[in-house]
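In what follows, a structure is listed as structure tokens, so that the remarks can point back to it.
Read-outs throughout are calculated quantities, based only on the coordinates presented, and are distinct from any laboratory measurement. It should be emphasised that the depicted structure is a prediction, and the values quoted were computed from it without experimental measurement. When we count neighbours, we look across all protein chains shown, and the Cβ atoms used for this are built from the backbone with ideal geometry, even at glycine.
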């Protein structure tokens, strides 16, 4: 649990924004599931303001990908999660930035959902909402297929 509480050195915003126009970001997204649903947050800030999205964020230098996924769940939703598997790598090249996201499947260990400054709402969904971040629809569809296959094996 050390990785969740450890704080990493962040680049100053001005420098971060400057370099964002030149280099892709290594990011994580987390599909947090429970009771046949998954948790999404409605973005309160750009990019994708007012769209539903997965909890996610940038991987910091020296941070392991799975630790970044746990940190993001804690920072954005106040949830401690158990990583259940790796879904895959997804790419989202945009004009403003280019994300290369490593996506994890996770379940809640403990915590009560609270949102941070990035979100105006957080809730569970059984079906994909229409007003969702476009590239993340594919992520959730892929997750649904994987989870369905897992449940059929039981």
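Our summary gives the range 56-124 a relative contact order of 29 percent, counting only alpha carbon pairs under 8 angstrom and 6 or more residues apart. In the elastic network of the chain, a GNM with C-alpha springs shorter than 10 Å, the most mobile of 141, 18, 130 is 18.
With the contact rule set at Cα under 8 Å and sequence spacing of 6 or more, what percent relative contact order holds for the range 26-153?
Values: 246 pairs, mean separation 41.2, N = 128.
This gives 32 percent for the range 26-153.
Taking a point 7 Å out from the Cα of residue 16 in the direction of its Cβ, the residues of the range 102-134 whose backbone N falls within less than 17 Å of it are 116-119.
Annotation for the range 123-144 versus the range 5-60: alpha-carbon center distance of 16 Å. Computed from Cα atoms, the angle from the helix 65-77 axis to the main principal axis of the chain rounds to 90 degrees. Springs join every pair of Cα atoms under 10 Å in this Gaussian network model of the chain, and among 78, 53, 127 the largest mean-square fluctuation is at 127.
Note the full-extension length gain between residue 9 and residue 152 as 0.36 nm times their separation in residues minus their Cα-Cα distance, in nm to one decimal.
Numbers: separation 143, 0.36 × 143 = 51.48 nm, distance 4.35 nm.
Full extension from residue 9 to residue 152 adds 47.1 nm.
Let a ≥ b ≥ c be the square roots of the eigenvalues of the Cα gyration tensor of the range 26-153; is it rounded (a/c under 1.5), or, if not, prolate (a/b larger than b/c) or oblate? It is rounded, given that a/c, with a ≥ b ≥ c, falls under 1.5. Label-to-label distance for residue 116 and residue 97 is 1.2 nm, based on points extended 7 Å past Cα in the beta-carbon direction. Just to confirm the number: angle between the C-alpha axis of helix 134-153 and the first principal axis of the chain, 0 to 90 degrees, nearest 10? Orientation of helix 134-153: about 30 degrees from the principal axis.
DSSP beta bridges confined to the chain are antiparallel in about 70 percent of cases.
Within the listed set 101, 20, 120, the Gaussian network model of the chain (springs between alpha-carbon atoms below 10 Å) gives the highest mean-square fluctuation for 20.
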